[in-house]
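One structure below.
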Amino acid sequence: MLAQFVLFDGFDPLDVVAPYEVLHCAGDVTAGAVRTELVSAEGPREVPSGLAGVSLRATAALDPERADLVVLPGAVGDLRDPAGLSEEERARTIPARLRRTLDTDLPRLVGAALARPDTLVATVCGGSLILAMAGLTTGRPVNTHHMAREVLAATGTEHIDARVVDDGDLVTSGGVTSGLDLALHLVEREIGPRVAHAVERIFAHERRGTVWSATGAVPTLAL
């Protein structure tokens with residue numbers, strides 16, 4: 001399984017590195033059943049994160065025809081109300097950084113990945129907002145960072161308050177550290193529970209919460 005982790009200007013490093021390490025480790029304990037790449041929509045390049053002085057290098061282009069799994073992170077930036085900021089400061093806010101991805105080839109490429117029956121797309125934190133703003137998740141159950149729930153709902157996406165939401169070819173997760181839980185779920189789902197358990201022990205991390213999916217009995221009480 002080839003997992004491509006997408007970098008874009010302003011990405012959140014932890015959104016990338018945490019699940020990247022989990023899936024890379026899964027490859028290590030399975031003699032290469034999982035391969036990992038850092039990619040960008042533009043191809044190989046140094047990609048600045050939203051943290052000053054922190055960047056990662058994309059070694060390949062995002063390619064939906066090669067990737068079995070595409071992982072899309074969120075952004076990190078100024079959390080203040082944009083109304084009181086200068087134009088330069090507003091450009092460094094998380095919403096601004098996410099919106100700028102819409103002017104790149106990223107939405108088209110991720111849309112192509114979602115259109116392929118054998119490609120799985122996963123998002124961490126605000127990564128799901130990129131898909132939602134591009135009109136790729138309308139009517140679908142999705143999670144994102146809790147501070148952006150109203151924005152997600154405004155796109156016609158169904159917000160699910162669960163740490164990881166599995167909707168078949170689209171698996172989304174909540175804020176930042178949930179990338180670990182997302183990746184372990186993907187390892188269990190795609191490679192197997194014994195490998196997921198081995199990686200979980202190596203990372204000394206026990207997954208949190210129930211993975212939500214539209215299966216099984218429906219609760220009779222609204223919670």
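A few notes on this one:
- Here the chain carries DSSP beta bridges of which approximately 25% are antiparallel, counting only pairs with both residues inside.
- Rounded, prolate or oblate (a/c below 1.5 giving rounded, otherwise prolate when a/b exceeds b/c) for segment 118-186 by Cα gyration tensor: oblate
- Global form of segment 159-216, assessed from the alpha-carbon gyration tensor, a/c cut-off 1.5: oblate
- Calculated FRET value between Ser86 and Ala115, using beta carbons and R₀ = 41 Å, to 0.05: 0.55
- Loop GluC sites (Glu not before Pro), segment 114-223 (other Cβ atoms within 10 Å of the site Cβ: 15 or fewer; DSSP): Glu206
- Residue-span extension gain [Phe203 to Arg35] - 0.36 nm each, minus C-alpha spacing: 58.7 nm
- Annotation: per residue accessible area for segment 77-137 equals 48 Å², rounded to a whole number [probe 1.4 Å, protein chains only].
- For Ile202, the solvent-accessible surface with a 1.4 Å probe is about 110 Å², rounded to the nearest 10.
- Overall, the anisotropy analysis places segment 19-136 in the prolate class: the square-rooted eigenvalues a ≥ b ≥ c of its C-alpha gyration tensor yield a/c not less than 1.5, with a/b exceeding b/c.
- Equivalent-ellipsoid semi-axes of the chain, from the Cα gyration tensor, Å, largest first: 25, 22, 17
- Accessible carbon and sulfur surface of segment 1-119 relative to its total accessible area, %, 1.4 Å: 51 percent
- Full-extension gain in nm, Val54 to Glu42, via 0.36 nm per residue minus C-alpha separation: 2.4 nm
- Cα centroid of segment 90-105 to Cα centroid of segment 10-28, whole Å: 22 Å
- Mean separation of Cα contacts under 8 Å (6+ apart) over length of segment 100-209, as relative contact order %: 23 percent
- Separation of alpha-carbon centers, segment 197-223 and segment 44-89, rounded to whole Å: 28 Å
- The order of Asp28, Asp9, Asp63 by accessible area, most exposed first and with a 1.4 Å probe, is Asp28, Asp9, Asp63.
- Taking each DSSP H run with n ≥ 4 as -39500 (n - 2.57) and averaging over every residue of the chain yields -9500 deg cm²/dmol at 222 nm.
The values are calculated or read from the model by the stated rules, or taken from the named source; none is laboratory data. These figures come from a predicted structure and were not determined experimentally. We place every Cβ from the backbone using ideal geometry, glycine too, and count neighbours over all the protein chains shown. Ligands, DNA and RNA are excluded from the accessible area calculation, which covers all protein heavy atoms including side chains. Shrake-Rupley method; radii C 1.70, N 1.55, O 1.52, S 1.80 Å.
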